[in-house]
Amino acid sequence: MAFPPEYRESVAARAAVPDVRKIAALTPEAPLALALYHPLGAAPDALGFKVYRLGEPIVLSDSLPMLEHMGVRVLGEQNHRIASDAGSISLHDFELQASAAEEIEPDVLARPFEDCFCVPGWRPTRSSCCAPMPST
């Protein structure tokens, strides 16, 4: 894998390990991986959401409405293109704010949150694809 200089400058080695694992698992049959997390040292209402995609980058106008419907505010996004043996990888790292983040552990919320991130063409959509996160 070849990470671009801006990724290496902004991501600590400890934080890069999960990225390497997610990227290594991408295949043409499973071209999408997701990760919800609480950034180290961030405010209690801060969350991060990484989308790893084998191939073309994700269009923001497709992902932003879905994330907002899930009850989070999207404050920013870092996008990195990574070269791998499987092809070009797009890594999108969204900076999120959620009013419920103080009450919910990202490890507990991660699977349901990731299951709700269903954009047509990326993975099968679900008819019950997400109610917004509870607000406080």
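The values are calculated or read from the model by the stated rules, or taken from the named source; none is laboratory data. What you see is a predicted model, and the numbers here were worked out from it, not measured in a lab. Please note: Cβ atoms are built from the backbone with ideal geometry, for glycine as well, and neighbour counts cover all protein chains shown.
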* Among the residues of the stretch 49-62, is there at least one that is touching a residue at least 12 places away in the same chain (Cβ under 8 Å) and polar (S, T, N, Q)? -> no
* **Conditions (1) surrounded by 12 or more Cβ atoms within 10 Å (Cβ to Cβ); (2) more than 14 Å from the chain's Cα centre (by Cα); (3) not hydroxyl-bearing (Ser, Thr, Tyr); number of the one not met by Ala12** => (1)
* To do: Can you tell me which residue among Leu75, Leu32, Leu64 is among the hydrophobic types (A, V, I, L, M, F, W, C), surrounded by fewer than 16 Cβ atoms within 10 Å (Cβ to Cβ) and closer than 19 Å to Cys116 by Cα?
  => Leu64
* Determine whether the stretch 65-76 contains at least one residue that is over 28 Å from Ser99 (Cβ atoms), outside any strand (DSSP E or B) and of a type outside the set (A, V, I, L, M, F, W, C). => no
* To do: Evaluate the stretch 13-26: report whether one residue or more is farther than 17 Å from Arg111 by Cα and part of a loop (DSSP other than H, G, I, E, B).
  => yes
* Considering each residue of the stretch 49-66, count those that are of a type outside the set (Ser, Thr, Tyr) and in contact with a Leu (Cβ under 7 Å, 6 or more places away or on another chain), and give that number. => 5
* Asked: If you go through the stretch 78-127 one residue at a time, how many are part of a loop (DSSP other than H, G, I, E, B), crowded, with 16+ Cβ neighbours inside 10 Å and at pLDDT 70 or above?
  -> 3
